[in-house]
Amino acid sequence: MPDSNSALFVHFGLGKCASTFIQNVWTLDPQYTCLNLTQMAESIHTLIAAGKAGSIPPFRTNITAQPGTTMVASSEALTWAFVRTPSMQHLIPQVQKEAIRIIGESSLSRKALIFVRNPLDWIRACHEQSLKEGLSQNGEAFSKTNAVLIESVLDLKRIKSLLEAHFDEVIFLSTDQLRSKPDQFWKTYSTALDAPTPSDTAINTITNNDALKNPSLGRRRTQLGLINRQLNLLEEAWRGLEGLPGFAEVERRAFLNHYKTSTRWAARRVAEFGTDDILNEICGVVTTQIEDEFAVIPISDRLRAHLLENFYEPLLGTPHIPQDVLDSYKDHICSVKQIAT
């Protein structure tokens with residue numbers, strides 16, 4: 001076991017692979033001390049976006065493992081960024097490179113962990129996350145606008161190479177196994193990482209805590225997209241109003257900065273927890289006419305080739321992901337023409 005100043009492993013993502021669920025388990029389980037690296041990762045995003053990669057400081061922490069616990073370090077933001085700002089997504093490879101380098105040079109741990117899932121399911125989940133964050137693109141538009149995000153985050157070949165340059169061990173685990181065979185997943189996790197199996201109490205508490213869930217919207221993603229579109233158009237119209245009287249200009253300055261955050265969360269929570277009647281009243285019958293088209297994400301030949309070479313092939317020979325899971329990844333990549341709800 002590492003000393004109290006070191007982590008057993010660093011978890012680098014991927015985002016949308018049950019990372020939040022597992023981070024919450026680590027945080028709650030008294031066997032663990034979980035060092036959250038998200039603030040550090042987001043500072044890297046900010047500096048790189050500002051063109052100041054050379055100003056990124058070395059990583060330092062004074063957090064130590066609580067007596068009798070295993071410390072782990074974690075943030076999916078180390079390998080993905082700029083979900084809401086496609087114009088910045090060309091910087092994601094640089095974020096990955098700098099984050100991995102800085103953590104590696106800190107000697108925080110010699111072991112790196114990456115969670116993966118079926119890449120087509122990941123793309124669908126990423127589209128849904130964009131809607132939860134206030135965007136409104138349908139699946140086809142999302143896949144085009146965010147092609148760099150998708151290809152960069154799912155480029156395991158490159159990420160693996162970066163990690164191997166700084167860590168003695170790079171371990172991949174599939175969270176598809178967590179969903180289908182949780183007992184086997186935790187057994188594999190414990191063996192692969194030489195880590196304590198999280199307690200049933202911690203796992204069940206997180207599983208049953210509605211406040212910690214990030215539920216899938218299913219067919220409601222269309223309705224959330226429609227709501228976001230109207231709210232975004234309203235914001236653009238409000239920003240563009242000219243010749244406002246003084247009191248209206250004061251109102252705009254006071255309230256506009258809070259508009260996007262408050263309406264984004266209002267729309268998301270209504271989509272997650274509102275009744276069908278409420279959503280139908282907000283969106284109208286137009287939803288049923290476009291929902292199938294809205295959710296469809298086409299898989300281009302370019303993306304298919306990228307996923308085979310840079311996602312699937314780097315996982316071949318991975319000792320901790322069952323071959324039948326890898327086979328299912330290849331089958332989906334090769335056969336699925338479009339991702340639907």
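The values are calculated or read from the model by the stated rules, or taken from the named source; none is laboratory data. Values in this document were obtained by computation on a predicted structure and should not be read as measured data. Reconstructed Cβ throughout: ideal geometry from the backbone, glycine too, with neighbour counts over all protein chains shown.
When ALA248, ALA254, ALA195, ALA202 are screened for being outside any helix (DSSP H, G or I) and of a type in the set (Gly, Ala, Ser), only ALA195 passes.
Residues that are touching a strand residue (DSSP E or B) at 6+ places or on another chain (Cβ under 9 Å) and either loosely packed, with under 14 Cβ neighbours inside 10 Å or on the phi > 0 side of the Ramachandran plot (or both) within segment 165-193 comprise just one, ASP168.
For segment 171-192, the criterion of being touching a helix residue (DSSP H, G or I) at 6+ places or on another chain (Cβ under 9 Å), within 25 Å of ASP29 (Cβ to Cβ), assigned to a strand (DSSP E or B) and of a type in the set (S, T, N, Q) is met by at least one residue.
Do the conditions hold for SER87, that is, is it surrounded by fewer than 20 Cβ atoms within 10 Å (Cβ to Cβ), over 30 Å from LYS260 (Cβ atoms) and of a type in the set (S, T, N, Q)? Spelling it out, it is not the case that SER87 is surrounded by fewer than 20 Cβ atoms within 10 Å (Cβ to Cβ), over 30 Å from LYS260 (Cβ atoms) and of a type in the set (S, T, N, Q).
May I ask you to say which residue of THR191, THR201, THR263, THR175 is β-branched (Val, Ile, Thr) and either modelled with pLDDT under 90 or touching a Leu at 6+ places or on another chain (Cβ under 7 Å) (or both)?
THR263
A count restricted to segment 151-172 and to residues that are in contact with a Leu (Cβ under 7 Å, 6 or more places away or on another chain) and touching a residue at least 60 places away in the same chain (Cβ under 8 Å) stands at 5.
Can SER328 be described as surrounded by 13 or more Cβ atoms within 10 Å (Cβ to Cβ) and of a type in the set (Gly, Ala, Ser)? Spelling it out, SER328 is indeed surrounded by 13 or more Cβ atoms within 10 Å (Cβ to Cβ) and of a type in the set (Gly, Ala, Ser). Looking only at residues that are at pLDDT 95 or above and of a type in the set (A, V, I, L, M, F, W, C) in segment 48-76, which one is farthest from LYS111 (Cα to Cα)? Among those residues, the one meeting the criterion is ALA50. Checking each residue in segment 319-341 for being outside any loop (DSSP other than H, G, I, E, B), aliphatic (A, V, I, L, M) and either more than 17 Å from THR175 (Cα to Cα) or touching a strand residue (DSSP E or B) at 6+ places or on another chain (Cβ under 8 Å) (or both) picks out VAL325, ILE333, ILE339.
Taking the criterion of being modelled with pLDDT of 85 or more, in a helix (DSSP H, G or I) and under 19 Å from LEU149 (Cα atoms), the residues of segment 278-302 that qualify are ASP301, ARG302. Here is a check on your reading of the model: is ALA305 surrounded by fewer than 13 Cβ atoms within 10 Å (Cβ to Cβ), of a type in the set (A, V, I, L, M) and either farther than 18 Å from GLN230 by Cβ or at pLDDT 95 or above (or both)? Yes; evaluated as a whole, the condition is true for this residue. Restricting THR33, THR70, THR61 to those that are buried (at least 20 other Cβ atoms within 10 Å of the Cβ) and in contact (Cβ under 8 Å) with a residue 40 or more places away in the chain reduces the list to THR70. Of everything listed in (1) under 30 Å from ASP327 (Cα atoms); (2) out of contact with any Phe, Trp or Tyr (no Cβ under 9 Å at 6 or more places or on another chain), the single unmet condition for SER130 is (2). Residues in segment 179-202: is at least one touching a Cys at 6+ places or on another chain (Cβ under 8 Å) and assigned by TED's automatic domain parsing to the domain that holds GLY15? No: segment 179-202 contains no residue that is touching a Cys at 6+ places or on another chain (Cβ under 8 Å) and assigned by TED's automatic domain parsing to the domain that holds GLY15. Any residue at all in segment 82-93 that is under 16 Å from LEU162 (Cα atoms), more than 15 Å from the chain's Cα centre (by Cα) and not polar (S, T, N, Q)? The answer is yes, given that some residue of segment 82-93 is under 16 Å from LEU162 (Cα atoms), more than 15 Å from the chain's Cα centre (by Cα) and not polar (S, T, N, Q). Of all residues in segment 239-278, those satisfying the criterion of being of a type in the set (D, E, K, R) and within 21 Å of ARG84 (Cβ to Cβ) are ARG239, LYS260, ARG264, ARG268, ARG269, GLU272.
Spot the failing condition for PHE167; the list is (1) among the aromatic types (Phe, Trp, Tyr); (2) assigned to a loop (DSSP other than H, G, I, E, B); (3) not assigned by TED's automatic domain parsing to the domain that holds ALA81, and only one is missed. All conditions pass for PHE167, except number (3).
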